[in-house]
1. Run the reach check for Lys16 against lysines, Cα to Cα strictly under 20 Å, same-chain hits fewer than 8 apart removed. What comes back?
2. Over the chain, what percent of the accessible surface lies on carbon and sulfur atoms, probe 1.4 Å?
3. Based on alpha-carbon atoms only, what is the radius of gyration of the range 12-95 relative to the globular estimate 2.2 N^0.38 Å?
4. Under 19 Å Cα to Cα from Lys89, which aspartates and glutamates show up? Leave out anything in the same chain fewer than 8 places away.
5. I'd like to check one number: the per residue accessible area of the chain, probe 1.4 Å, reported in Å² as a whole number.
6. I want the antiparallel fraction of DSSP beta bridges within the chain, as a percent rounded to 5.
7. Taking the Cβ-Cβ separation of Leu151 and Asp60 as r and a Förster radius of 25 Å, what is the calculated FRET efficiency to the nearest 0.05?
8. Search the structure for amide H atoms under 5 Å from the amide H of Ile164, placed 1.01 Å from N in the peptide plane, and list their residues when 5 or more places away or on another chain.
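The values are calculated or read from the model by the stated rules, or taken from the named source; none is laboratory data. Being a predicted model, the structure only gives us computed values, none of them experimental. Don't worry about glycine lacking a Cβ; one is built from the backbone with ideal geometry, like all the others, and counts go over all protein chains shown. For the accessible areas, the whole protein counts, side chains as well, though only heavy atoms, and no ligand, DNA or RNA atoms are used. Shrake-Rupley method; radii C 1.70, N 1.55, O 1.52, S 1.80 Å.
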Amino acid sequence: MSANLVVLSGPSGVGKSSVIREALKELPTTWLSVSATTRKPRPGEVHGENYFYVSNEEFDHMIVHDELLEWAEFAGNRYGTPRVSAQEKLANGIPVLLEIEVQGARQVRESMPDAVLVFLEPPAWADLEARLAGRGTESASQIQERLDVALKELESSGFFDYVIINDDVSRAARELVQYLT
Ligand code: 5GP
């Protein structure tokens, strides 16, 4: 039996993780994939929980051995979804959620056309700027790089099956829950 695969995309700083955390309280059986990344951990992030933090060489190895369901370069680092764990969950009837950026969502659409693609959008551009600056995890130039990418990502929202506006985390999470059930 294969269960549903849902992708949540959206610009950096829009609040994807907060909305997912809230939504998963309602969906204890849904499995959130843990990505591999070449980005360095932020303070408080845990290997195996937030990401699998790998070297460039390890990431190359995963690409060459076709171990990633999708992957993309984002703001100077690479990020990818380990293939086997997601496929095993789906094969066992467990719904899977991916939190990935837009290039990855496009790859998932190609390889798994039945996936539901959801885009999380900020209520206003200023919210994105404020959130990225407020979390204090990136330098000014890294924030600018993420905002430049965000502009392009927002133009891609029409590609997605559903768009959720993150005007309120609980409300946005309830909407996401609908797409996961
Ligand atoms: P961050 O560095 O802020 O944790 O993530 C940067 C961006 O990469 C976010 O938009 C996040 O959703 C995305 N991302 C995280 N994991 C993956 C992944 O496995 N694949 C892709 N394509 N994007 C990812």
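1. List returned: Lys25, Lys40, Lys152.
2. Numbers: 4680 of 9230 Å².
Ligands and nucleic acids excluded, carbon and sulfur give 51 percent.
3. Working: Rg = 13.7 Å, N = 84, 2.2 N^0.38 = 11.8 Å.
Cα Rg divided by the expected 2.2 N^0.38 Å: 1.16.
4. Within reach: Glu26, Glu49, Asp66, Glu67, Glu70, Glu99, Asp114.
5. Values: 9230 Å² over 181 residues.
Heavy-atom accessible area per residue stands at 51 Å².
6. Numbers: 8 of 26 bridges.
About 30 percent, rounded to the nearest 5.
7. On the way: r = 30 Å, r/R0 = 1.18.
That gives a FRET efficiency of 0.25.
8. Under 5 Å from the amide H of Ile164: Phe119, Leu120, Glu121.
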